[in-house]
Amino acid sequence: MADKDNTPQNKWWKSAVIYQIYPRSFADSNQDGIGDLQGIISKLDYLENLGIDAIWLSPVCKSPQDDNGYDISDYQDIDPMFGSLQDMETLIAEAQKHHIRIIMDLVLNHSSDEHPWFQEAKKSRENPYHDYYVWRDGQEGVLPNDMGAAFGGSAWEWTPEVQQYYFHQFSVKQPDLNWENPKLRREIYDMILWWMEKGVGGFRLDVIDQIAKEPDRKITGNGPRLHEYLRELSRETFQKGNLVTVGETWGATTELAKLYSHPDNSELSMVFQFEHICLDQMAGKEKWDLAPLPFLKLKEVLERWQTQLCGKGWNSLFWNNHDLPRIVSRWGNDGEYWAESAKMLAILLHGMQGTPYIYQGEELGMTNIQYEIQDYRDIETLNVFKERLERGISKEEIMRSIHAKSRDNARTPMQWNDEENAGFTEGKPWIKVNPNYTKINAAKQVRDENSIFCCYQKLIRLRKEYSVFVDGIFHMLCRENESIFAYTREDENFQLLVLCNFYDSTVNNPLEKPDTSAKLIISNYQDTEWNTFLRPYEARMYIKDKRTSSMSE
Ligand code: GLC
Ligand code: CA
């Protein structure tokens, strides 16, 4: 464990930018059509050039891949599809040479049903591993209750050997682990310490707010013992090294996030909250029930997270991950204003307080995909298609939802160049490449200083250059404006101004021209004169050094 300085002064992740890799779709080194660890190693130069500080790797542990690795059958080995443990060690070491830390994905809410623990657990009620999972007595065909699983169907599955049901919040192949069992918790901690010894820089904790479930009371998220478990977990593991930890918490409110990410480090560094990212769906319904984005609400939500966590916790900043559609297609414009809108969304997000996450391909403005149903691979997508057809919803309507929200939008192969299969593989890719790779690809963008890639690269550099990105207090401007997203950040030395037109028409610029001491540090149009209007998706970021200029506004 390299870095034991765990003092508040050494929170390296506050000024870091983290890049998420979905390994199976990133780069394929052995031409079997599936991305792998050697593939990632071969792209470290690219990532160092982008400027990121750490890579969050979606799961690479041994897994039957029912949910693309979020169903782990051995926490201490690498799935052969991705390489070997040795490859993982090489990746950690090589990344370090590129000043990049490796963050692993910890899936602790459930394991695979093929994990030896579960294989033992289902043998008999007396088996020492039985209690590692969540079982309820019952009769075949009479479910313990009506709880549903996230990927469809009941959350209960009958096991004839023990004449009991086991609980699974996700697929039947993802039985929930029983955190009430102290022996299970200890095994988990030892496993984490083992990875820490290998030199990983941190962990992303999959659906961590669901570990303290109480199915008898139909509690899944935020169970009564959740924070007790998290403190124990942190004390026994993370606090022994200076790691970054980020919890996936779909149910987080700002109040809860202050507990999770308390500056005393007693739980996690930060969490992913999803309040902003769930706004374009019908209230009380599922993500597939599409609704337009309520822009004023988006502003209200982001402002609330910025102000409430300031000094009391820490935000993560993201538009994308492997479960979400591509932001440029979702809230930007993947047609006429593709580049402008992708850059605007980047500038808007990266000016805020928190640790930004970039999802692979986001830095190129990769877009959503529209496959026929047989080309989808994601278990959730395939299940919702079946389920909604059975409910009598038309195929057209279901496909509209899937095109907008399927997780496979994020999982198409990384677009490296304009060669066959976008340079991702010379084999047959496990999922079809987005045909727009001839236009949208890394090779083209790294050599174009006006590219989306270079915009991200510059934003990352700016974050390192000015303290105000880390410490500055957030202040929302033009709160009622229906198309402008504007804010300032201010610390002792600097004032930052971010001004964005969120839509595709030209609008009045509501702000006064900044005084001449304010410097334009990034924008998304070539001619940079201040105007009384903002062009489609126009975004500008100004900085003023308060030490060298008067503060007249
Ligand atoms: C998280 C992951 C998702 C996975 C689920 C179950 O939401 O991000 O990909 O399917 O947990 O592990
Ligand atoms: Ca491969």
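The values are calculated or read from the model by the stated rules, or taken from the named source; none is laboratory data. Predicted, not measured: the structure shown is a model, and the values here were computed from it. With ideal geometry, Cβ positions are generated from the backbone for all residues, glycine too; neighbour counts draw on all protein chains shown. What goes into the accessible areas is simple: the full protein's heavy atoms, side chains included, and nothing from ligands, DNA or RNA. Shrake-Rupley method; radii C 1.70, N 1.55, O 1.52, S 1.80 Å.
Using the charge dipole of region 82-158 (Lys, Arg: +1 at Cβ; Asp, Glu: -1 at Cβ; taken about the Cα centre), state which of Ala93, Gly153, Tyr132 has its Cα farthest towards the positive end.
Toward the positive end, the furthest listed residue is Ala93.
Quick one: Kirkwood hydrodynamic radius for region 327-412, alpha-carbon pairs, angstrom, one decimal?
Taking the inverse mean of 1/r over all distinct Cα pairs, region 327-412 comes out at 14.4 Å.
Is there a pair in Lys62/Lys218; Lys43/Lys97; Lys395/Lys439 whose C-alpha atoms are over 22 Å apart, and which pairs would that be?
Where the Cα-Cα span goes over 22 Å, the pairs concerned are Lys62/Lys218; Lys395/Lys439.
With no solvent and one point per C-alpha, what does the Debye sum give as log10 I(q)/I(0) for region 258-298 at q = 0.17 Å⁻¹?
Rounded to two decimals, the profile gives -0.59.
From largest to smallest, what semi-axes in whole angstrom does region 309-369 give when each is the square root of 5 times an eigenvalue of its alpha carbon gyration tensor?
23, 12, 8
Pop the C-beta distance of Trp530 and Glu255 into the FRET formula with R0 = 35 Å and round what comes out to the nearest 0.05.
It comes to 0.30.
What full-extension length gain, to one decimal in nm, is calculated for Asp77 and Glu372 as 0.36 nm per residue of separation minus the Cα-Cα distance?
102.7 nm
Expressed as a whole percentage, what fraction of the accessible surface of the chain belongs to carbon and sulfur atoms when a 1.4 Å probe is rolled over the protein heavy atoms?
Solvent-exposed carbon and sulfur of the chain make up 47 percent of the total.
How big is the antiparallel share of DSSP beta bridges in region 1-117, given as a percent to the nearest 5?
20 percent
Counting residues in region 455-553 as N, plug N into 2.2 N^0.38 Å and put the Cα Rg over that result.
1.05
Please work out the average accessible area per residue across region 361-455, using the 1.4 Å probe convention, and give it in Å².
45 Å²
Between region 408-478 and region 170-199, how many Å separate their Cα centres?
One Cα centre to the other: 34 Å.
Antiparallel as a % of all DSSP beta bridges within the chain, to the nearest 5?
Roughly 60 percent of the beta bridges in the chain run antiparallel, per DSSP.
Return the Cα extents of region 121-182 along principal axes one, two and three, sorted largest first, each rounded to a whole Å.
30, 24, 17
Please compute the modelled spin-label separation between Thr516 and Glu236, points set 7 Å along Cα→Cβ, answer in nm with one decimal.
Those two pseudo-labels are separated by 6.4 nm.
Asn417 versus Cys310, label points 7 Å from Cα toward the beta carbon: distance in nm?
Those two pseudo-labels are separated by 4.7 nm.
Using only the alpha-carbon atoms of region 254-366 as identical scatterers, what base-10 log of I(q)/I(0) does the Debye formula give at q = 0.13 Å⁻¹?
-0.53
Compute the distance in nm between two label points, each set 7 Å from the Cα along the Cα-to-Cβ direction, one at Asn383 and one at Asp190.
3.2 nm
With the Cα gyration tensor of region 1-148 giving a ≥ b ≥ c as the square roots of its eigenvalues, does the rule (a/c under 1.5 for rounded; else a/b larger than b/c for prolate; else oblate) give rounded, prolate or oblate?
prolate
Extension gain Gln31-Asp289, at 0.36 nm per residue separation less the Cα-Cα distance, in nm?
Contour length minus the Cα-Cα distance gives 89.1 nm.
Please list, or write none, the lysines whose alpha carbon is within less than 16 Å of the alpha carbon of Lys546, excluding same-chain residues fewer than 8 places away.
Lys519
Once you have all Cα-Cα distances for region 204-254, histogram them in 5 Å bins from zero and send the whole-percent values.
The distribution over region 204-254 is 5, 19, 27, 26, 14, 6, 2, 1, given as percents.
P(r) of region 95-211 in 10 Å steps, Cα pairs, percent per bin?
Taking every Cα pair in region 95-211, the percentages come to 13, 40, 28, 13, 5, 1.
Between region 204-249 and region 282-341, how many Å separate their Cα centres?
Cα centroid to Cα centroid, the span is 25 Å.
Given the chain reduced to its alpha-carbon atoms as identical point scatterers, what log10 I(q)/I(0) does the Debye formula return at q = 0.05, 0.06, 0.11 Å⁻¹?
Values, matching the q order: -0.20, -0.29, -1.03.
Give me the accessible area of Glu114, 1.4 Å probe, in Å² rounded to the nearest 10.
90 Å²
Using only C-alpha atoms and all pairs of different ones, pull out the Kirkwood radius for region 4-67 in Å with one decimal.
Its Kirkwood hydrodynamic radius stands at 13.6 Å.
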